[in-house]
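Beneath this line is the structure, given in structure tokens, with notes to follow.
The values are calculated or read from the model by the stated rules, or taken from the named source; none is laboratory data. Everything numeric in this text was worked out from a predicted model, so none of it was measured. For neighbour counting, all protein chains shown are included, and Cβ atoms are generated from backbone atoms with ideal geometry for every residue, glycine included.
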Amino acid sequence: MSVVIDVHTHMLNKSWLSLLKEHGGPRYSVRSIGALPDIIHLDGAPFMTPLPEMFDYDLRIKNMNKAKVDIAIISLTCPNVYWGGREISAEATRIMNNDLAAAQKSYPDRIRWFASLPWQYGDLAVAELDRARAAGAVGVMVLGNIAGKSLTDPDFAAIWQAIDASGLPVFVHPTAPPGVSEMDTATHNLVPSIGFTFDTSLAIARCIYDGFFDRYPSITVIAAHGGGALPYLIGRLDICHERIPTCSARTKERPSNYMRRICVDTVVFSQDALDMCVKVCGPENVLYGSDYPHNIGDMIGCLGRVDSLPSDTRLLARGKNAERIFRLS
């Protein structure tokens, strides 16, 4: 069988978590729930659960072997480094990027990594991009919004220009969407199930309508969780582009055409959803991902759905697309 490359998989670092505990306020706090000691809360509601597997690389490799995953392109998850002010954000970024780079050196045949950047501080972000590339980063990770700001905000233009020039792919991973505290998401903990996919959908739809993909033609974007709800909603985006002037003012093509330029991962948890991703985005734009080691992550199940795709598409999604995009072959 072909090589298997996991493009959506995370690791943490104890020093990063300690910084978040000390400097994450007022929005982020870390507190216990039952037997779980370090649950990250956002605005007082449970937000993300750091699990022991997120800190254990030997266990990661053992579980990759069990799932028959060859290479993991690891990244920091949300809330990333968008908290704590200029100095703390920069320190958190260096801590995580250094840790991921060290993991690649320790497991050179199994680990690659996405760099995080302190996006709120453009000069620091561009400098860290250069440093991370020199340290071996194969891509850049960004959340669906930067402390509430849209990815298309003019404040981030210089960073996008630097990424565009670098040729590095960008993994757009969700966080809680702006306004989450007004959405009653604490009830039933709706951020993981609905909030995250909404954040991705909103971020990528805005990029499409804003002309982002025309401004930065060299950037390959990988939209997490199968692109959120966009494969299901792309017809609606098209008809709005056709009939609502503000939806076509800054774009050269129909939104469905841009979806053929966006990569999506396979963290969708149903075969029908994965089939729709392939249909909407194209077989060459679907990449295996697992969301390991989050509590809903599933290396084996996500790969099983990939292996249920038609043979040519299966080989592309298992790893050939990632080999091309990340220049790993």
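Brief remarks on what is shown
- Residue check, L168 part of a loop (DSSP other than H, G, I, E, B), within 18 Å of the chain's Cα centre (by Cα), within 26 Å of G122 (Cβ to Cβ) and at pLDDT 95 or above: yes
- The lone criterion from (1) crowded, with 21+ Cβ neighbours inside 10 Å; (2) among the β-branched types (V, I, T); (3) under 19 Å from I262 (Cβ atoms); (4) touching a helix residue (DSSP H, G or I) at 6+ places or on another chain (Cβ under 7 Å) left unmet by V221 is number (4).
- Qualifying residue in region 283-301 (condition: surrounded by fewer than 23 Cβ atoms within 10 Å (Cβ to Cβ), among the aliphatic types (A, V, I, L, M) and not in a loop (DSSP other than H, G, I, E, B)): yes
- Annotation note: Cβ proximity below 6 Å between a residue of region 229-247 that is touching a residue at least 12 places away in the same chain (Cβ under 8 Å) and a residue that is in a loop (DSSP other than H, G, I, E, B) and crowded, with 16+ Cβ neighbours inside 10 Å (sequence gap 6+ or interchain) occurs for D238/R254; H241/S248; H241/R254.
- Condition met for A203 (under 25 Å from N321 (Cα atoms) and either touching a residue at least 12 places away in the same chain (Cβ under 8 Å) or surrounded by fewer than 16 Cβ atoms within 10 Å (Cβ to Cβ) (or both)): yes
- Candidates in region 158-167 are the residues that are in contact (Cβ under 8 Å) with a residue 40 or more places away in the chain and of a type in the set (A, V, I, L, M); of these, the one that is surrounded by the fewest Cβ atoms within 10 Å (Cβ to Cβ) is A165.
- If you go through region 127-157 and keep only what is in contact (Cβ under 8 Å) with a residue 24 or more places away in the chain, among the aliphatic types (A, V, I, L, M) and over 20 Å from Y209 (Cα atoms), you end up with L129, A132, A135, A137, V138, V140, M141, A147.
- Consider region 171-188 and keep the residues that are part of a helix (DSSP H, G or I) and β-branched (V, I, T). The one that is nearest to H10 (Cα to Cα) is V180.
- Counting the residues of region 60-112 that are of a type outside the set (A, V, I, L, M) and without any contact (Cβ under 8 Å) to a residue 40 or more places away in the chain gives 12.
- Residue list for region 307-329, filter: of a type in the set (D, E) and within 20 Å of D109 (Cα to Cα): E323
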